[in-house]
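The values are calculated or read from the model by the stated rules, or taken from the named source; none is laboratory data. Please read these numbers as outputs of a predicted model, since none were measured by experiment. Cβ placement follows ideal geometry from the backbone for every residue including glycine, while neighbour counts extend to all protein chains displayed. Surface accessibility is based on the protein's heavy atoms, side chains included, excluding ligands, DNA and RNA. Shrake-Rupley method; radii C 1.70, N 1.55, O 1.52, S 1.80 Å.
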Amino acid sequence: MTARHRFNHVETLEARLAAEAERLREQASSLPPGPARDEMLRKARQAETGSQMSEWLSSPGLQPPD
């Protein structure tokens, strides 16, 4: 059995997803309109949504069900 390599992230998941969304948006802005650009913008929206959902799920206002 092989050992698993562990990696401790310096930034939070939310920060990494937000940075990825920004990077994808910057890349998309340099592309001409078309399917490649649309796909990149879709991935940026997904990363941004994931960041917001993760932030919401870890917020102190969210209470577990009784």
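Tabulated data for the structure shown
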| item | result |
| --- | --- |
| Relative contact order, percent, the chain [alpha-carbon distance under 8 Å, six or more residues apart] | 37 |
| Cα long-axis angle, helix 35-57 against the chain (0 to 90 degrees, to the nearest 10) | 20 |
| Check: the chain dipole with +1 on Lys, Arg Cβ and -1 on Asp, Glu Cβ, in debye | 300 |
| The stretch 1-50: radius of gyration over Cα atoms, expressed as a fraction of 2.2 N^0.38 Å | 1.51 |
| Estimated 222 nm signal from helices in the chain, with DSSP H stretches of n ≥ 4 weighted -39500 (n - 2.57), rounded to 500 | -21000 deg cm²/dmol |
| Local electrostatic count, A47, Cβ distance below 12 Å [Lys/Arg +1, Asp/Glu -1] | +2 |
| Restricting the stretch 1-34 to GluC sites (Glu not before Pro) in coil, as DSSP defines it, with at most 12 other Cβ within 10 Å | E11 |
| Sites E39 and A19, calculated FRET efficiency, Cβ-Cβ separation with R0 22 Å, nearest 0.05 | 0.70 |
| Within the accessible area of the chain (1.4 Å probe), percent carbon and sulfur | 57 |
